[in-house]
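The values are calculated or read from the model by the stated rules, or taken from the named source; none is laboratory data. Please read these numbers as outputs of a predicted model, since none were measured by experiment. Ideal geometry is used to build each Cβ from the backbone, glycine not excepted, and the neighbour counts take in all protein chains shown.
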Amino acid sequence: MAIRVLVLYGSYRSDRMGIRLADYIVAGLRARGGDVEFVDAKAIGLPMLDRMYKEYAPGSAPEALESLASKIRAADAFVFVTGEYNWGMQPGLKNLTDHFLEEWFWRPAAIASYSAGRIAGARSALLWHGTLSEMGMIVISSTLSVGPIAQALTAEGKPIGEAGLSLDRAFPRFADDLFWWSEAAKMQRARRPPPY
């Protein structure tokens, strides 16, 4: 059975560059047999966090929250595609993530960062690592860092130039790491229910 992966992306900008990386990852994981779904925070349009999904009475959460909660619970793994804003993480992706908690537990997460500059979103990736761990996910050690993004991927998410070649070289290990941990966690959850 295919590994079910959600690729989450959070830029709200009108000229979004990171969507190139999201498209690249979706295509790459599908080519390796993954059952992959793209989750776009801007398209979902959750409000700024007031109430978490779990704070609604059963059946009373807004449809967007209910639908996304179901997708998160059904997933075997997550990829967070994150840009870097002023040495920090994108508020759109963080806001989407914070609406949930237990739904994320006991599954691996991977981080793919990008920026317009040469740092490639590394500072954002560092912040996400601690956040995702705190939210009950196992963060894999392989990461993707892409920058400058406009020199690495076309608008269609196809690799170009030296930066694109570097991304192509890094992707197989990233995907293998994510799938290995996904399979391990899936088998363990089937063998023994999580302790909480």
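Annotations for the structure displayed:
- Condition broken by GLN90, with the remaining ones in (1) closer than 18 Å to TRP181 by Cα; (2) surrounded by 22 or more Cβ atoms within 10 Å (Cβ to Cβ) satisfied: (1)
- Residue in region 82-104 that is of a type in the set (A, V, I, L, M), farther than 24 Å from SER166 by Cβ and at pLDDT 95 or above present: yes
- Out of ALA125, ALA120, ALA152, one residue alone is crowded, with 18+ Cβ neighbours inside 10 Å and at pLDDT below 95. It is ALA120.
- Filter pass, GLU84 being surrounded by fewer than 17 Cβ atoms within 10 Å (Cβ to Cβ), in contact with a strand residue (DSSP E or B) (Cβ under 9 Å, 6 or more places away or on another chain) and part of a strand (DSSP E or B): no
- Candidate set from region 97-124 (those that are more than 11 Å from the chain's Cα centre (by Cα) and assigned to a helix (DSSP H, G or I)); member that is nearest to VAL139 (Cα to Cα): TRP104
- Qualifying residue in region 38-59 (condition: part of a strand (DSSP E or B), at negative phi and not acidic (Asp, Glu)): yes
- Residues that are closer than 14 Å to VAL81 by Cα and either assigned to a helix (DSSP H, G or I) or out of contact with any Lys or Arg (no Cβ under 6 Å at 6 or more places or on another chain) (or both), drawn from region 142-166: THR143, LEU144, SER145, VAL146, ILE149
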